[in-house]
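The next block holds one structure in the form of structure tokens; read it before the comments.
The values are calculated or read from the model by the stated rules, or taken from the named source; none is laboratory data. These numbers were taken from a predicted model, which means no experiment stands behind them. Every residue, glycine as well, gets a Cβ built from its backbone with ideal geometry; the counts of neighbours run over all protein chains shown.
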Amino acid sequence: MDIKKPLLCGLLLGAAALSASAQERPLWLRYPAISPDGKTIAFAYQGDIYTVPTVGGEARRLTSTEAYECYPVWSPDGKQIAYTSDRNSSGVNIYIMPAGGGKARQLTTHSGREIPQAFTPDGRYLIFKAHIQDPASSALFPNSLLTELYRVPVTGGRPEQILATPAEAVNVSRDGRRILYQEIKSFENEWRKHHTSSASRDLLEYDFDKKTYRFVARHDGEDRDPVYSPTGKSFYFLSERNGGSMNVYEGNLAGPATEAKALTQLKGDPVRFLSSSADGLLCFG
């Protein structure tokens, strides 16, 4: 699977467009997410949501509030973007708005911190992570850092818990029956480099029908941000398993969790925020 260079340039050119008035490239463009059709990247900059063409060009500002807004997630049809905002005093909640800009609608209302993860393939639900309520049978000590997974109707309604196991960085299979996710073992700074400990993140797949878990990427260091390939037979993820900076890898879902093939060999700053279009075009920051 090739990583297409225009995709890598898209966010950089968007940064140049943002900085035209300041005469310098802006820093801290975060959370890039590529649209399902691969034509647009949504990202966060200075607390607002922007979009930019993947081929480069001028970035378009979608939100403009005094709140901090981040973590954009595309709907399967590419018509809507969900994101997190603290614009209301009730908590850090999820909003949804047209991908081309327009009025945002509040989707969740809990007083805690809710972060969008992925839409279901049919577009009816949004999966998000939050610490709302552990089930009575849970052996975990209640902790806001150990977020569970929930889903909420895109039209609005009451959220329901879909996974009590602490999880984040969710990607849904095309049939909606399985998810890949990044486990949360305890608190660890997400920006820490070359981290190896009992808290290092591994990647798992959960089958909703069978109610089974299995490791798909596992080693002493960090594995992050899993996404299914278009065929569903492999997946892409970020890892430091070769001892250098975080890079993009491909793993075989039918193979050992300890084996993977490096797709990039970038040095220096680590790769972050992996996402994929419907046809497998990869985007990262």
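Tabulated data for the structure shown
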{"read-out": "Failed item in (1) assigned to a loop (DSSP other than H, G, I, E, B); (2) among the hydrophobic types (A, V, I, L, M, F, W, C); (3) closer than 18 Å to Ser277 by Cβ; (4) within 21 Å of the chain's Cα centre (by Cα), with Val55 passing the rest", "value": "(4)"}
{"read-out": "Of residues in segment 94-109 being part of a loop (DSSP other than H, G, I, E, B) and touching a residue at least 40 places away in the same chain (Cβ under 8 Å), the one nearest to Gln161 (Cα to Cα)", "value": "Thr108"}
{"read-out": "Tally of residues being surrounded by fewer than 20 Cβ atoms within 10 Å (Cβ to Cβ) and out of contact with any Gly (no Cβ under 8 Å at 6 or more places or on another chain) across segment 66-78", "value": "2"}
{"read-out": "Count - residues of segment 253-265 that are under 16 Å from Glu222 (Cα atoms) and of a type in the set (A, V, I, L, M)", "value": "3"}
{"read-out": "Qualifying residue in segment 163-179 (condition: at pLDDT below 95, part of a loop (DSSP other than H, G, I, E, B) and over 30 Å from Asp269 (Cα atoms))", "value": "yes"}
{"read-out": "Boolean, Arg158 is without any contact (Cβ under 8 Å) to a residue 12 or more places away in the chain and assigned to a loop (DSSP other than H, G, I, E, B)", "value": "yes"}
{"read-out": "Of all residues making up segment 187-211, the number that are over 19 Å from the mean Cα position of the chain (by Cα), more than 17 Å from Gly243 (Cα to Cα) and surrounded by 11 or more Cβ atoms within 10 Å (Cβ to Cβ)", "value": "3"}
{"read-out": "Scope segment 201-242; condition in a loop (DSSP other than H, G, I, E, B), touching a His at 6+ places or on another chain (Cβ under 8 Å) and not acidic (Asp, Glu); matching residues", "value": "Gly221, Arg241"}
{"read-out": "Subset tally (residues that are farther than 26 Å from Ala278 by Cβ and charged (D, E, K, R)) for segment 79-133", "value": "4"}
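Quick grid of which residues meet (1) touching a Pro at 6+ places or on another chain (Cβ under 9 Å); (2) modelled with pLDDT of 95 or more; (3) at negative phi:
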| position | (1), (2), (3) |
| --- | --- |
| Gly56 | yes, no, no |
| Leu62 | yes, yes, yes |
| Pro72 | yes, yes, yes |
| Gly78 | yes, yes, no |
| Tyr83 | yes, yes, yes |
| Gly91 | no, no, no |
| Ser111 | no, no, yes |
| Tyr125 | yes, yes, yes |
| Ile132 | yes, no, yes |
